[in-house]
Amino acid sequence: MKCEAKNKLVAMDGNMAAAHTAHATNEVIAIYPITPSSGMGEISDAKSSKGETNIWGTIPVVAELQSEGGASGAVHGSLTAGALTTTFTASQGLLLMIPNLFKIAGELTPCVLHVSARTVATHALSIFGDHSDVMACRGTGFGMLASANPQEAMDMALISQRAALESRIPFIHFFDGFRTSHELNMVEPLTKDQMLKMLPENLIENHKKQGLNPENPFIRGTAQNPDFFFQAREGVNKFYNACPEIVKKTMEEFEKNTGRKYQPFEYVGPKDAEYVVAIMASGADTAQETVEYLSKKGEKVGVIKVRLYRPFNTGYFIDALPATTKTIIAMDRTKEPGSLGEPLYEDICSVFATPESKAKFAKTPSIIGGRYGLSSKEFTPAMVKAIFDNAKSAKPKNGFTVGIIEDVTNTSLEHDRHFDIESDDTYRAMFYGLGSDGTVGANKNTMKIISEQTDNYSQGYFVYDSKKAGSLTVSHVRFGKKCIRSPYLISKADFIGIHQFSFVETYDMLKTAKEGATVLLNSPYTSKEVWSKLPVEMQNEIVDKKLKFYIINASEIAKEVGLGTRINMIMQTAFFAISGILEKGKAIEAIKGAIKKTYSSKGKEVLDKNYAAVDSTVSKIEEVAAGKTDSELKRRDSITCDCPDFVTQVTGELIAFRGDDVPTSKIIPGGVFPVSTSQYEKR
């Protein structure tokens with residue numbers, strides 16, 4: 001997908017983008033909050049509370065039910081009465097809707113559910129993202145359309161609404177929980193006129209006519225015996241057969257309307273590619289970025305971005321593949337224990353049992369499958385390269401995993417952690433803060449300031465753990481002259497902001513710093529005192545990587561101006577002063593504008609305190625000259641005791657934020673943990 005003209009764009013996350021379309025194209029919205037989809041319901045509720053109308057000039061009714069089952073029941077009832085209706089959900093919430101989804105689809109009642117796809121609890125609960133929830137709904141009869149980024153979340157919400165109304169097939173429109181739902185990126189908002197053009201009156205009228213109405217009575221929701229049920233069930237076939245063509249035509253009409261081009265299966269790569277990965281949602285953007293990099297170096301690799309997953313169309317998939325394809329790698333963001341393979345892999349295997357495939361491929365390509373990204377596990381260009389390297393090997397692994405160390409059944413692929421494809425034109429900054437200390441909010445304001453005040457595009461992603469307030473947060477923020485489609489964490493940073501001094505004693509926050517990068521530390525010590533207060537490991541990294549090192553006593557400034565522990569505005573101002581992304585005077589003016597917008601409702605006193613913090617900051621930034629690397633201090637181990645092996649090898653690694661490196665062999669199967677481990681980590 002091409003990037004739009006910079007002046008048309010605003011920063012939105014995936015939830016905001018989907019809610020923008022969903023609220024504008026529905027009459028009833030039944031909600032029940034569940035992470036990470038709650039934002040869509042909250043935004044829609046706020047819009048209706050303010051009197052914001054949909055594209056037909058009415059204010060959508062937003063009703064919060066008492067459970068996800070209640071929400072889906074309300075959706076079913078509202079649709080049956082002929083109202084345009086939607087809901088938002090994820091994970092167990094979506095699973096609780098499944099009985100109603102079967103009914104809605106079975107009755108050919110068009111609607112769209114917007115799902116920020118999230119892990120379903122198995123051996124453990126996880127609030128993070130993968131496709132286990134939406135894949136559990138494959139048999140319901142709902143169509144499935146996947147989005148890879150916030151712009152697509154807005155666009156696919158409209159495309160699925162139009163396709164549902166025209167085909168009478170209801171849709172699940174999904175995107176990756178947290179990775180897309182909470183990623184801030186540059187989006188061109190759809191206008192109400194554009195949405196109206198995509199939803200002509202005749203389709204709305206047809207939907208209304210299907211509603212139960214005493215003026216035009218008919219019976220729906222009967223019970224049927226064996227003599228009748230089977231053949232009646234097969235009556236939906238023609239609707240599903242027609243649906244892919246309707247989606248394709250809808251995408252073509254959308255392109256004429258907006259200039260943004262989509263296809264049910266979009267191929268990216270050279271025409272003579274031999275190794276092609278098939279993947280959906282945010283992983284598709286990572287794969288595309290890697291393919292473009294590798295193909296410039298002469299590698300014959302490509303990617304098929306799967307958007308229309310259900311109904312799966314064999315012909316469109318075959319058409320998208322280069323005729324030179326030797327191996328297809330199907331990547332699934334879910335695990336189905338006991339199956340021959342995960343859903344996309346099995347679908348692609350089925351494709352090559354059809355006559356259409358034989359007509360194009362004299363020799364059937366080999367098909368291998370892999371799993372990635374469960375529970376928001378990172379999926380990087382280095383992992384995409386490892387997938388292609390595996391496919392090219394003499395004996396490629398099938399049913400492999402990537403991104404973990406699986407040393408029990410040895411499914412995992414190794415990847416080169418130093419492989420980096422990001423352009424030097426992109427400025428990459430990381431900020432370490434505490435949950436609820438304002439760091440994340442300040443970085444969101446920074447993104448908006450830079451995207452509005454400069455000709456840069458921006459992208460922001462914010463890593464929390466499930467403990468939320470008071471726990472470590474890491475903000476990953478990128479700026480660049482080109483549109484940024486890099487849905488993975490920063491591995492080589494130009495700037496690192498450390499907002500709590502205590503972090504230096506425990507965490508290695510400079511491992512991602514590029515040579516010559518800039519470091520800003522909130523320090524209670526002066527520039528002459530601080531060097532000796534750093535652990536020797538941090539001193540070594542500053543010297544070895546030739547880092548530029550600055551400090552500011554943000555906590556003291558916050559106290560002086562009456563902000564308590566809220567250091568976010570001070571650290572934000574210091575970032576602008578040091579980074580040079582925006583001219584200093586212009587940056588301070590923009591920050592004060594953001595303060596006014598954010599805190600004006602809290603009164604003049606709060607505004608004045610924040611203004612005073614900004615004015616006090618610039619003169620109090622100090623540069624630190626690196627000294628000898630002879631500190632007697634060493635970074636603290638997360639566990640310092642004579643502990644059981646599980647505590648040192650698993651619990652301690654999790655506390656130190658090294659959990660990604662814990663191998664499967666160290667973990668007790670079935671989600672079991674030993675008792676008495678909370679003494680080592682109270683939270």
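Residues that are farther than 23 Å from S44 by Cβ and assigned to a loop (DSSP other than H, G, I, E, B) within the stretch 87-123 comprise E107, L108, T119, V120, A121, T122, H123, listed in sequence order.
Counting only strands (runs of 3 or more DSSP E) that sit wholly inside the stretch 486-592, those with at least 1 residues that are among the aromatic types (F, W, Y) and closer than 30 Å to T180 by Cα are 493-498. Looking only at residues of the stretch 320-371 that are acidic (D, E) and in contact with a strand residue (DSSP E or B) (Cβ under 6 Å, 6 or more places away or on another chain), we find that the one that is nearest to A391 (Cα to Cα) is D332. Among the residues of the stretch 136-159, the one identified as open to solvent by less than 10 Å² (accessible area, probe 1.4 Å), part of a helix (DSSP H, G or I) and free of Cβ contacts under 8 Å to residues at least 60 places away in the same chain is T140.
Residues of the stretch 567-578 that are touching a helix residue (DSSP H, G or I) at 6+ places or on another chain (Cβ under 9 Å) and surrounded by fewer than 21 Cβ atoms within 10 Å (Cβ to Cβ): A577 alone.
The number of residues in the stretch 161-193 being surrounded by 24 or more Cβ atoms within 10 Å (Cβ to Cβ) and without any contact (Cβ under 8 Å) to a residue 60 or more places away in the chain comes to 2. Scanning for something modelled with pLDDT of 95 or more, farther than 30 Å from M447 by Cα, open to solvent by less than 10 Å² (accessible area, probe 1.4 Å) and over 21 Å from the mean Cα position of the chain (by Cα), does the stretch 114-127 turn up at least one residue? So far as the stretch 114-127 goes, no, none of its residues is modelled with pLDDT of 95 or more, farther than 30 Å from M447 by Cα, open to solvent by less than 10 Å² (accessible area, probe 1.4 Å) and over 21 Å from the mean Cα position of the chain (by Cα). Restricting attention to the stretch 194-205, the residues being open to solvent by 20 Å² or more (accessible area, probe 1.4 Å) and assigned to a loop (DSSP other than H, G, I, E, B) number 1. Selection of the stretch 379-402 for residues being in a loop (DSSP other than H, G, I, E, B), surrounded by 21 or more Cβ atoms within 10 Å (Cβ to Cβ) and touching a strand residue (DSSP E or B) at 6+ places or on another chain (Cβ under 8 Å) yields only F379.
Rundown of residues vs (1) open to solvent by less than 40 Å² (accessible area, probe 1.4 Å); (2) more than 30 Å from L413 (Cβ to Cβ), yes/no style:
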residue	(1), (2)
E605	no, yes
V624	yes, yes
K628	no, yes
C641	no, yes
P669	no, no
S678	no, yes
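Exactly one condition in (1) within 34 Å of the chain's Cα centre (by Cα); (2) part of a helix (DSSP H, G or I); (3) under 27 Å from A513 (Cβ atoms) is false for N610; which is it? That leaves (3) as the condition not met. Filtering the stretch 27-46 down to residues that are assigned to a helix (DSSP H, G or I) and out of contact with any Asp or Glu (no Cβ under 9 Å at 6 or more places or on another chain), which residue is surrounded by the most Cβ atoms within 10 Å (Cβ to Cβ)? Across the stretch 27-46, the extreme among qualifying residues is M40. When the criteria are applied in full, E52 meets the requirement of being among the charged types (D, E, K, R), open to solvent by 10 Å² or more (accessible area, probe 1.4 Å) and part of a loop (DSSP other than H, G, I, E, B). For the stretch 531-549, residues that are surrounded by fewer than 19 Cβ atoms within 10 Å (Cβ to Cβ) and in contact with a strand residue (DSSP E or B) (Cβ under 6 Å, 6 or more places away or on another chain) total 3.
Could you please find all residues in the stretch 168-188 being assigned to a strand (DSSP E or B) and closer than 19 Å to V306 by Cβ? Within the stretch 168-188, F171, I172, H173, F174, F175, D176 qualify.
Residues checked against (1) part of a loop (DSSP other than H, G, I, E, B); (2) closer than 30 Å to S532 by Cα:
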residue: S619; (1), (2): no, yes
residue: E632; (1), (2): yes, yes
residue: C641; (1), (2): yes, yes
residue: T651; (1), (2): no, no
residue: L654; (1), (2): no, yes
residue: D660; (1), (2): no, no
residue: G670; (1), (2): yes, no
residue: V675; (1), (2): yes, no
residue: Q679; (1), (2): yes, no
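For the stretch 463-496, a residue qualifies if it is modelled with pLDDT under 95 and touching a His at 6+ places or on another chain (Cβ under 8 Å), and exactly one does: V463.
When K208 is tested against (1) exposed (fewer than 11 other Cβ atoms within 10 Å of the Cβ); (2) of a type in the set (K, R); (3) under 21 Å from H76 (Cα atoms), exactly one condition is not met: (1).
Which residues, taken from the stretch 367-378, are open to solvent by 10 Å² or more (accessible area, probe 1.4 Å), in contact with a helix residue (DSSP H, G or I) (Cβ under 8 Å, 6 or more places away or on another chain) and closer than 16 Å to G341 by Cα?
Hits for the stretch 367-378 are I367, I368, L374.
Every residue, every condition in (1) among the hydrophobic types (A, V, I, L, M, F, W, C); (2) over 30 Å from F317 (Cβ atoms), yes or no:
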{"residue": "F171", "(1), (2)": "yes, no"}
{"residue": "F178", "(1), (2)": "yes, no"}
{"residue": "K192", "(1), (2)": "no, yes"}
{"residue": "M195", "(1), (2)": "yes, no"}
{"residue": "I204", "(1), (2)": "yes, yes"}
{"residue": "K209", "(1), (2)": "no, yes"}
{"residue": "N213", "(1), (2)": "no, yes"}
{"residue": "G221", "(1), (2)": "no, yes"}
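Would the stretch 437-450 turn up any residue that is touching a residue at least 60 places away in the same chain (Cβ under 8 Å), in contact with a Leu (Cβ under 8 Å, 6 or more places away or on another chain) and either open to solvent by 20 Å² or more (accessible area, probe 1.4 Å) or part of a strand (DSSP E or B) (or both)? There is at least one residue in the stretch 437-450 that is touching a residue at least 60 places away in the same chain (Cβ under 8 Å), in contact with a Leu (Cβ under 8 Å, 6 or more places away or on another chain) and either open to solvent by 20 Å² or more (accessible area, probe 1.4 Å) or part of a strand (DSSP E or B) (or both).
With respect to E107, determine if the residue is surrounded by fewer than 18 Cβ atoms within 10 Å (Cβ to Cβ) and over 20 Å from F171 (Cβ atoms). For E107, the condition - surrounded by fewer than 18 Cβ atoms within 10 Å (Cβ to Cβ) and over 20 Å from F171 (Cβ atoms) - is not met.
Looking at the stretch 223-236, is at least one residue part of a helix (DSSP H, G or I), in contact (Cβ under 8 Å) with a residue 12 or more places away in the chain, open to solvent by less than 40 Å² (accessible area, probe 1.4 Å) and within 21 Å of A281 (Cα to Cα)? No, the stretch 223-236 has no match at all.
The values are calculated or read from the model by the stated rules, or taken from the named source; none is laboratory data. From a predicted model like this one, the values you see are computed outputs, not experimental measurements. When we count neighbours, we look across all protein chains shown, and the Cβ atoms used for this are built from the backbone with ideal geometry, even at glycine. The protein model used for the area step is the full one, side chains on, heavy atoms only, and it has no ligands, DNA or RNA in it. Shrake-Rupley method; radii C 1.70, N 1.55, O 1.52, S 1.80 Å.
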